[in-house]
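Right, one structure below, let's go through it.
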Amino acid sequence: MVGASRHAGPANGPVPRVIRRCLMSRRLSTILVIEDDAPIRRGVVDTLRFAGFHVVEAADGVRGLALALENTVDLVLLDVMMPGMDGFAVLKSIRAAHPSLPVIMVTARGAEDDRVRGLRGGADDYVAKPFSAMELLARVEAVLRRSPARPMTVALLRTASGTIDLQRREIRLSDGGREELSEREGAVLSYLAGCRDRVVDRKELLQNVWGLDPRGLETRTVDMQIARLREKLGTDAEGVIATVRGKGYKLADGIKVEGPGTP
């Protein structure tokens, strides 16, 4: 069992084949494990790596929060009971900085109050110690599967010199000028706007906008699409799509985002 006070990684039994198959599409996902108990942390990290995830780890809440804020991660596994900064304090800070980042709380079995408090505080799910590798991976995959729908649907972007109507795929400038967006250009902007609290790397865009498996794929498709988008945006270009060197792209700060039906 993972989550018991001893090493419990893949050496205690192979990850079930059905779980390994369902994780194939998530092999590029990065998971942050924040757990102060070293044997438990080692078991969780080994299990996730064996399943194909990239894993970063922290032994306390302060370091874990720093990693969550400094790195692009897809999910956080967060222990509740830690000395100093506990899991609830870490969750609160993560939610303030990254409202859409998925978080699974790790609680003691029977600690109903902790589970309720975590869920009300913004956690996406919880897993109670001790837990099996199969349960852990199933919960991780379920949360990751739901996470693309979490960012709000964006209908309109207001920029310094006009608006971008994502539903009509049209740029409307304050001087009366208009530019039409292709379906792909609209999809790229919509995805960046829906993930506006974080950086989106090229592989994620290829996977979620183009529907391609980016593993081993060397292409400048994303960069060329961004360049064409910036040409249409004109003087607004850098103020709408920001490049984060070495990481990817994000919606620039200061852009007003409106959902469907916003007055």
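Throughout, read-outs are computed from the coordinates displayed, never taken from laboratory work. From a predicted model like this one, the values you see are computed outputs, not experimental measurements. Neighbour counts are summed over all protein chains in view; Cβ atoms, including those assigned to glycine, are modelled from backbone coordinates with ideal geometry.
Quick notes
- Across segment 156-258, the relative contact order, built from alpha-carbon pairs under 8 Å that are at least six residues apart, equals 30 percent.
- Within a straight-line Cα-Cα reach of under 23 Å, K203 can be paired with the following lysines, leaving aside sequence neighbours fewer than 8 residues apart in one chain: K247, K250.
- Each peptide in 61-67, 238-244 was scored by the mean count of other Cβ atoms within 10 Å over its residues; highest first, the order is 61-67, 238-244.
- As a calculated quantity, the FRET efficiency between A242 and R184 at R0 = 22 Å, using C-beta atoms, amounts to about 0.65.
- Approximating the spin labels as points 7 Å out from Cα along Cα→Cβ, the E112-to-M134 distance works out to 2.7 nm.
- Paramagnetic reach from T235 in segment 164-195 [backbone N under 20 Å; point 7 Å along Cα→Cβ]: 164-165, 171-180
- Partner lysines whose Cα lies under 25 Å from the Cα of K129, excluding those fewer than 8 positions away in the same chain, are identified as K92.
- By the count of neighbouring beta-carbon atoms within 10 Å, fewest first, L156, L77 end up ordered L156, L77.
- The residues H54, H98, when put in order of fewest to most other Cβ atoms within 10 Å, stand as H54, H98.
- Scanning residues 5 or more positions from L156 or on other chains, those with amide H under 5 Å from its amide H are L166, E258, with H placed 1.01 Å from N in the peptide plane.
- Between N71 and V257, the contour length at 0.36 nm per residue exceeds the alpha carbon distance by 64.6 nm.
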